[in-house]
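Visitor: Next up is a structure, given as structure tokens.
The values are calculated or read from the model by the stated rules, or taken from the named source; none is laboratory data. Please read these numbers as outputs of a predicted model, since none were measured by experiment. Just so you know, the surface numbers come from the protein's heavy atoms only, side chains and all, with ligands and any DNA or RNA stripped out. Shrake-Rupley method; radii C 1.70, N 1.55, O 1.52, S 1.80 Å.
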Amino acid sequence: MDAKPSFVPLAGVVLGPALEAVVAARFLGWELLEPAFSLLGIRHASQRQYLAAHRWLVIGFALPFVPALAVPLVGPALFALAQDATALLLHEE
């Protein structure tokens, strides 16, 4: 059973996948930034502060990669590319 907000008759069908994509993008963004955070020696509390301050930037960056990661062979290649790009994003920010 899904945890989608499908209890709302019509809105749940639209809002459920949209909310899932935003949450997945948030966690994917953190996952993509993790190697850069580790190399810079940024602790967990500071990572959370950075992600809270730049929440929509990280979500907006990671959102296109959420469905792309479901494509076989292309997804893992895009993950490596996205990881490099997020390091650049962190550097420019």
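Visitor: For the chain, modelled as a Gaussian network with Cα springs under 10 Å, which listed residue fluctuates most, Ala24, Ala36, Ala70?
Guide: Per the Cα network of the chain with a 10 Å cutoff, Ala70 tops the list.
Visitor: In degrees, nearest 10, range 0 to 90: what is the angle between the Cα axis of helix 44-53 and the longest Cα principal axis of the chain?
Guide: Helix 44-53 and the main axis of the chain meet at about 60 degrees.
Visitor: Per residue, how many Å² of accessible area does the chain show with a 1.4 Å probe?
Guide: 69 Å²
Visitor: Suppose a student asked you for the relative contact order of the chain, using Cα pairs under 8 Å spaced at least 6 residues apart; what percent would you report? Can you show the working numbers first?
Guide: Details: 60 pairs, mean separation 27.5, N = 93.
Averaging sequence separation for qualifying contacts and normalising by length gives 30 percent for the chain.
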